[in-house]
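The values are calculated or read from the model by the stated rules, or taken from the named source; none is laboratory data. Note that the structure is a prediction, hence the values are computed from the model and not measured. Note that each Cβ is placed from the backbone with ideal geometry, even for glycine, and that neighbours are counted across all protein chains shown.
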């Protein structure tokens with residue numbers, strides 16, 4: 001096959017501003033400390049990190065016929081990711097994410113632009129799903145046009161021998177229950193702690209992990225500074241990697257840290273590495289991305305050594 005993994009990308013341009021301020025209405029002007037303009041979107045960040053580790057990524061996406069669309073196309077090309085399945089919308093503009101970074105928190109506004117044009121008919125017509133043994137689903141809640149099709153498509157892909165990973169990201173509408181119907185077709189589920197609690201309906205991460213492991217083969221819950229916990233339903237194994245002691249002054253931005261974790265974890269998992277190595281590489285990728293603003297400038301590069 002041509003690729004190691006396929007992603008259907010929620011591509012956007014991230015405009016990030018960093019400062020200890022809160023926006024004030026009434027035409028009040030305030031200063032920020034820094035800013036960044038970068039490739040964004042969960043799948044885009046994932047694809048970039050996976051490629052930088054040495055993996056081959058097949059990416060399906062759409063951008064607008066505008067300055068930001070040209071920027072994203074050039075950025076993806078520069079990362080060595082083929083743009084054969086990156087299409088240009090003639091109706092909508094390129095999606096944009098506006099983020100205000102304040103200490104250890106973020107506020108985000110999203111313009112969806114051409115994202116609703118990503119439909120299953122267009123994805124299947126591209127033929128991309130037949131070109132890799134693994135599909136990574138990112139931004140399940142954001143790519144709304146795909147959601148009704150997953151319950152029918154995933155069983156077919158599984159029958160064809162394809163493995164599937166899922167990172168839902170946040171649900172703007174709060175309809176967390178919607179994803180439950182496809183969990184049985186997922187091989188690797190990688191939510192963060194808040195997402196795991198919302199989806200499972202549990203009050204703590206241990207109960208959430210147990211609830212999810214009864215439905216998913218492998219659940220990896222990302223806990224930010226507190227590390228990650230993996231639950232393997234096939235073996236009953238539980239692996240916990242405590243958080244690393246990081247100097248807050250060295251953390252420029254946490255944008256995309258979870259997506260970078262996903263890329264490192266799956267890079268190792270697809271090579272058949274032990275669970276502990278998968279979590280360790282994922283953690284290294286997540287931590288590396290914290291050093292720079294934006295989701296991709298601080299990414300771990302190289303061959304993805306499993307030390």
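What the table below lists for this structure:
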quantity: Of residues in region 43-72 being within 22 Å of residue 292 (Cβ to Cβ) and more than 18 Å from the chain's Cα centre (by Cα), the one surrounded by the most Cβ atoms within 10 Å (Cβ to Cβ); calculated: 68
quantity: Test: residue 181 is touching a helix residue (DSSP H, G or I) at 6+ places or on another chain (Cβ under 7 Å), loosely packed, with under 15 Cβ neighbours inside 10 Å, on the phi < 0 side of the Ramachandran plot and at pLDDT 95 or above; calculated: yes
quantity: Number of the condition not met by residue 97 [criteria: (1) in a helix (DSSP H, G or I); (2) out of contact with any helix residue (DSSP H, G or I) (no Cβ under 7 Å at 6 or more places or on another chain); (3) within 17 Å of residue 12 (Cβ to Cβ)]; calculated: (1)
quantity: Region 33-55, residues that are touching a residue at least 60 places away in the same chain (Cβ under 8 Å), over 19 Å from residue 167 (Cβ atoms) and in a loop (DSSP other than H, G, I, E, B); calculated: 54
quantity: Residues of region 151-189 satisfying the condition of being closer than 24 Å to residue 130 by Cβ and either outside any helix (DSSP H, G or I) or in contact (Cβ under 8 Å) with a residue 60 or more places away in the chain (or both); calculated: 160, 161, 162, 163, 164, 165, 166, 167, 186, 187, 188, 189
quantity: In region 207-233, the residues that are out of contact with any strand residue (DSSP E or B) (no Cβ under 8 Å at 6 or more places or on another chain) and farther than 23 Å from residue 256 by Cα; calculated: 207, 211, 214, 215
quantity: Region 122-150 - residue that is surrounded by 18 or more Cβ atoms within 10 Å (Cβ to Cβ) and assigned to a loop (DSSP other than H, G, I, E, B) and, of those, farthest from the chain's Cα centre (by Cα); calculated: 132
